[in-house]
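A.B. asks: Take this structure, written in structure tokens, and hold onto it; I'll ask about it next.
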Amino acid sequence: MKGIGFAFFALGVLCALIGMAWGIQMSATANHALSPAHAHLNLIGWVTMALMGAYYTLTPAAASTRLAKIHLALTTAGVIIIVPGIVMALTQQGETAAKIGSVLTIAGMICFGVNVLRHGLGAKTAP
């Protein structure tokens, strides 16, 4: 069954592919002005989401919670909003989206932290 761990991994891979293509585009044009947004896409979108997917795959009790679903929603929304928000901030179009994305991203990490503290790590059975 494809659960929350798979969802985190799949979204992470999507972010990695977009980030790689963006990196190639920056290299080809020799324009690295948006590299902070590119870095956030890769670190939050790929690395962090893949690690979260691994955790939920290894800890099914945590994956089966409502909090895990909220976590996925917050983290996904955070990445979707923070990356263009950083682009907007870098191009002097305002910082509001970057701020909203940052709050959503940290809220997602708080959810993750609570789940880790509640469930630990390991293949315990879901309640």
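A.B. asks: Are any residues in the stretch 73-108 under 18 Å from residue 18 (Cβ atoms) and either touching a Phe, Trp or Tyr at 6+ places or on another chain (Cβ under 7 Å) or not aliphatic (A, V, I, L, M) (or both), and if so, which ones?
C.D. replies: 75, 76, 78, 84, 85, 101, 105 - these are the residues of the stretch 73-108 that are under 18 Å from residue 18 (Cβ atoms) and either touching a Phe, Trp or Tyr at 6+ places or on another chain (Cβ under 7 Å) or not aliphatic (A, V, I, L, M) (or both).
A.B. asks: For residue 61, all conditions in the list (1) under 22 Å from residue 3 (Cβ atoms); (2) touching a Pro at 6+ places or on another chain (Cβ under 9 Å); (3) surrounded by 21 or more Cβ atoms within 10 Å (Cβ to Cβ); (4) not acidic (Asp, Glu) hold save one; what is the number of the exception?
C.D. replies: If we test residue 61 against (1) under 22 Å from residue 3 (Cβ atoms); (2) touching a Pro at 6+ places or on another chain (Cβ under 9 Å); (3) surrounded by 21 or more Cβ atoms within 10 Å (Cβ to Cβ); (4) not acidic (Asp, Glu), just (3) comes out false.
A.B. asks: Which ranges mark the helices (runs of 4 or more DSSP H) fully within the stretch 34-127 that have 1 or more residues being on the phi < 0 side of the Ramachandran plot, within 13 Å of the chain's Cα centre (by Cα) and touching a residue at least 24 places away in the same chain (Cβ under 8 Å)?
C.D. replies: Working: elements: 35-40, 49-58, 60-63, 66-90, 96-119.
So the answer is 35-40, 49-58, 66-90, 96-119.
None of the figures in this text is laboratory data; all of them are computed from the coordinates on show. The shown structure was predicted, so the numbers you read here are calculated from the model rather than taken from an experiment. Because the Cβ atoms are built from the backbone with ideal geometry, glycine has one as well, and the counts that use them run over all protein chains shown.
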